[in-house]
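Peer 1: Could you have a look at this structure, given as structure tokens, before my questions?
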């Protein structure tokens, strides 16, 4: 997002997948962990260890429930003592919807979820972009280069003669900022809908088909229909489902059941890239 | 070996490979860890965690340098609190050649190696098998069933009339016990040769080709030629090399250089089964 790479969760084997997908470690600065179950964090120590051996020097920031720092620190000290970069832990309270990361162009908020251990999703939002200059119009009005930044930010142009040229004659609206929400693992939780309203892309877990609805309730996971129901209510543009129970040898039922509620659903697949 | 499964080292992703190879967890009772570098032990917590979710009940024994217990226990307590089986750690002193495991049919000894951290290999040995009964001869001498176990163990048969039938008329020699040695990671270390003399199969690391011999010295790894030299001096029947540096896109040079010294070498490959 905006030239930066973010990693959400880090199950065992993540570093191997990153290597297979030729994703280099150098731009990956921030990792966001949803909850402390093994399939969401057991890959961290390997990732950190390998980054060290690849002579990474940039800090690596890990946003997670505070227990992770306590658990991981002894391993980092033992296995990565010679690592040439720093690990910076940022505690996240999974029970709160709060800003957890922000830079010049992107912000990330936590999304409280409901699972067997404290869990939160993450909402990634681009900040508003600048307006697009209409070159012919700025040429026509002889807008000096010094004015361009202010014009992009929406200011009207005032000529040396004091004539005011309204901004919308010089620019077109900015590209709308993109928003992505990641919600896993969680039971059906309707109160996340306002937090993710209208996002361009929602990843929502869909561990079970409807036939296992009772098991979904018991294990605090969602069915495909429930994931789609969240997407429908939130009016998202695209839904990616994933985190399928190993009992399903294929995901056709998951897809069919979700599609019946929300047609804009696709199956999340390993190693696949999704653009939005 | 003798109907038991042993796991030697457990890098990240081991549980995924076991699943892909349809190796079930139920017969795997003992894990032997050579040293505490991530590529040899980061997969343990995931393996233990998944065994718990698969409702394993049998104890899992882990033989390793004592630091591992201290490092892994907090993770096991946090992530596998509801695990229905016990983890039993058995401390191994990598500096000593000693018996680390023994049952009715198999023994395992440590093999001190030389690496950047305390490291040992493991020698797996079948115990002597029983002699093979020659059915026609035991029928001829009307050997009662009650005698059979003693005959298999080499005793002469004494008839009711007091006649002694020498054992070698009733049996043929037992199948020779198999021996397997695992040596990784290690610099060239000639004093392991007597410990692994004549083994049926030796796995020896061959991280580098000769062109990186200086790097092998520096990082305390072996070249392919050195691995083959150990195999040749120990008169092993078969050598499997592995643990190749990521710098080699294929292992032809490794194979060629080892084969020049020890023709009975094969390349270790992921997911491949080797019989001996």
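What follows is calculated from the coordinates using simple rules that are stated; it is not laboratory data. No experiment lies behind these values; they were computed from the predicted model shown. Counting neighbours? That spans all protein chains shown, and the Cβs are built from the backbone with ideal geometry, glycine included.
Peer 1: Based on DSSP H runs of at least 4 residues, each adding -39500 (n - 2.57), what is the mean residue ellipticity at 222 nm of chain A after dividing by all its residues, to the nearest 500 deg cm²/dmol? Display every interim value, and only then the final one.
Peer 2: On the way: 10 runs with 77 residues, N = 276.
Roughly -7500 deg cm²/dmol at 222 nm, from the helical runs in chain A.
Peer 1: Sticking with this structure for a sec: Restricting to the protein assembly as shown, compute how many DSSP beta bridges are antiparallel as a %, nearest 5. Walk me through the numbers before you get to the answer.
Peer 2: On the way: 36 of 84 bridges.
The antiparallel proportion sits near 45 percent.
Peer 1: Restricting to chain B, compute how many DSSP beta bridges are antiparallel as a %, nearest 5.
Peer 2: Numbers: 18 of 42 bridges.
Bridges in chain B that DSSP calls antiparallel: roughly 45 percent.
Peer 1: Turning to a different aspect of this structure: Any idea what the alpha-carbon Rg over 2.2 N^0.38 Å comes to for segment B:85-187? Working shown, then result.
Peer 2: Working: Rg = 21.0 Å, N = 103, 2.2 N^0.38 = 12.8 Å.
Rg over 2.2 N^0.38 Å, computed on Cα atoms: 1.64.
Peer 1: Please compute the average number of Cβ atoms from other chains found within 10 Å of each residue's Cβ in peptide A:198-206. It would help to have the intermediate numbers written out before the result.
Peer 2: Details: counts 0, 0, 0, 0, 0, 0, 0, 0, 0.
Neighbouring Cβ atoms belonging to other protein chains average 0 per residue here.
Peer 1: Using a label point 7 angstrom from Cα along Cα-to-C-beta, what distances in nm, from shortest up, separate residue B:20 from the other copies?
Peer 2: 0.7
Peer 1: Another question about this same structure. If you count, for each residue, the other Cβ atoms within 10 Å and average over each peptide, how do B:210-223, A:29-42 line up from highest to lowest? Spell out each step's value before the answer.
Peer 2: On the way: B:210-223: 17.1, A:29-42: 22.4.
So the peptides B:210-223, A:29-42, ranked by packing, come out A:29-42, B:210-223.
Peer 1: Could I ask something else about it? Across bins of 5 angstrom width beginning at 0, how are the C-alpha pair distances of chain B distributed, in whole percent?
Peer 2: Using 5 Å bins, I get a P(r) of 1, 5, 11, 14, 15, 14, 11, 9, 7, 6, 4, 3, 1, 0, 0 for chain B.
Peer 1: May I ask you to derive the relative contact order of chain B, considering only C-alpha pairs under 8 Å and at least 6 residues apart, and to give it as an integer percent? Mind showing how you got there, number by number?
Peer 2: Working: 551 pairs, mean separation 33.6, N = 276.
Contact order relative to length: 12 percent.
Peer 1: Continuing with the same structure: Quantify how strongly other chains surround peptide B:207-220 by giving the mean number of their Cβ atoms within 10 Å of each of its Cβ atoms.
Peer 2: 0
Peer 1: Still on this structure, please answer the following. Between segment A:46-111 and segment B:247-261, what is the separation of their alpha carbon centroids in Å?
Peer 2: Going from one Cα centre to the other spans 39 Å.
Peer 1: Kirkwood Rh over alpha-carbon pairs of segment B:182-276, then Stokes-Einstein at 10 °C and 1.306 mPa s: what D in µm² s⁻¹, rounded to an integer? Walk me through the numbers before you get to the answer.
Peer 2: Working: Rh = 12.9 Å.
Reported coefficient: 123 µm²/s.
Peer 1: Can you give me the three principal axis dimensions of segment A:164-206 from its C-alpha atoms, in Å, biggest first?
Peer 2: Projected onto its principal axes, the Cα set of segment A:164-206 covers 55, 16, 8 Å.
Peer 1: Right, something else. Hey, can you rank B:195-201, B:21-27 by average C-beta count inside 10 Å, highest first?
Peer 2: Numbers: B:195-201: 17.9, B:21-27: 12.3.
The peptides rank, most packed first, as B:195-201, B:21-27.
Peer 1: For segment B:25-161, what does the relative contact order come out to in percent, with C-alpha contacts under 8 Å and a separation of six or more?
Peer 2: Numbers: 193 pairs, mean separation 26.4, N = 137.
For segment B:25-161, the relative contact order is 19 percent.
Peer 1: Can you give the angle from 0 to 90° between the axis of helix B:224-234 and the longest principal axis of chain B, with both taken from C-alpha atoms, to the nearest 10?
Peer 2: It is inclined by approximately 20 degrees.
Peer 1: At q = 0.21, 0.25 Å⁻¹, what base-10 log of I(q)/I(0) does the Debye formula yield for segment A:132-172 when every alpha carbon is treated as an equal point scatterer in vacuo?
Peer 2: At q = 0.21, 0.25 Å⁻¹ the computed log10 ratios are -0.53, -0.77.
Peer 1: Here's something else I'd like to know. Using only the alpha carbon atoms of the protein assembly as shown, find the Kirkwood hydrodynamic radius as the inverse mean reciprocal pair distance, in angstroms to one decimal. Don't jump to the answer; show the numbers that get you there.
Peer 2: Working: mean 1/r = 0.0357 Å⁻¹.
Result for the protein assembly as shown, one decimal place: 28.0 Å.
Peer 1: May I pose another question? As a test of understanding, state the convex hull volume per residue of segment A:105-263 from its alpha carbons, in Å³. Before the final figure, lay out the partial values.
Peer 2: Numbers: hull volume 22.0 nm³, N = 159.
Measuring per residue, one finds 138 Å³ for the Cα hull of segment A:105-263.
Peer 1: Could I ask something else about it? Quick one: what do you get for segment A:1-92 if you divide its Cα Rg by 2.2 N^0.38 Å? Walk me through the numbers before you get to the answer.
Peer 2: Working: Rg = 12.1 Å, N = 92, 2.2 N^0.38 = 12.3 Å.
Ratio of Rg to 2.2 N^0.38 Å for segment A:1-92: 0.99.
Peer 1: Take every residue in peptide B:38-50, count the Cβ atoms of other chains within 10 Å of its Cβ, and give the average of those counts. Each step should come with its number before you reach the end.
Peer 2: Numbers: counts 12, 4, 0, 2, 12, 4, 1, 6, 8, 2, 1, 5, 4.
Mean partner-chain Cβ count within 10 Å for B:38-50: 5.
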